[in-house]
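Below you'll find the structure, written out as structure tokens, and then a few comments.
Each value in this text was obtained by applying a stated rule to the coordinates, not by laboratory testing. These numbers come from a predicted model, not from an experiment. Here the Cβ positions follow ideal geometry from the backbone for every residue, glycine too, while neighbour counts run over all protein chains shown.
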Amino acid sequence: MPIGNIFVLGGVVMIPLLGLSVLAVALILERSLFWWKIVRRQDKIVRDVLGLYRRSAKAAIQKLEQNTNLPIARIFLAALELEQANSEEFRLALESAAQAELPLLKRFNTVFDTVISLSPLLGLLGTVLGLISSFASLKIGDVGGTSTSNVTAGISEALISTASGLVVAIFTLLFANVFRGLYLRQTALIQEYGGQLELIYRRRYERGVPHASAQ
């Protein structure tokens, strides 16, 4: 059966379900591109920056400034650009910058949750509307007559709308869980990398190594 016919047979709830599915696909593409850029480049950039910072803070800052489209680079910069910060101030700067990046990392999570919750409910609404249409078309004593096609159409509407709502919800849930997993992994990596940077900074600070602005 052509998709256009399925859409028509699904009834009025297919319109908001189509809107939700288009929204979900658009956001999934945006998040996929966002996470692909981070996963592809982040580890190498962090290793390079930590290696550079052991030798020269200025070189590390320059490297970070070339990669400010990465959240971890912006977090490191917020701490390294402090003037003559002690170890506690450096740690607070890292933590504050990391907290500021969290909304970007979990962006659209609420929208995904809404689509996942709302799609099955719309499907259920289509089921109810389809059954109402079926019973409204059913006339006692005319079960095998002209009302049969209307009853069949109502049942088709109920089943198609329910299936469509479930498909949209399952598809969105799959990707939403992947993005949540990437978010949790990223927060753990931010803590790990931040701890490594803080350890190097403490050693430099205790040895009295000049900061980047003084080099």
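The figures follow:
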| quantity | calculated |
| --- | --- |
| Computed label-point distance, nm, for sites GLN84 and LEU18 using a 7 Å Cα→Cβ extension | 6.6 |
| Label point distance in nm, GLU30-ILE200, each placed 7 Å from Cα along Cα→Cβ | 3.4 |
| At R0 = 30 Å, FRET efficiency that the Cβ-Cβ distance of LEU166 and ARG107 yields, to 0.05 | 0.70 |
| Estimated distance in nm for a label pair at THR114 and ILE132, the labels positioned 7 Å out from Cα along Cα-to-Cβ | 2.5 |
| Table column - 3J(HN,Hα) (Hz), segment 173-189, Karplus curve with 6.51, -1.76, 1.60, x for Gly and Pro | 4, 4, 6, 4, 5, 4, 5, 5, x, 5, 5, 5, 5, 5, 5, 5, 5 |
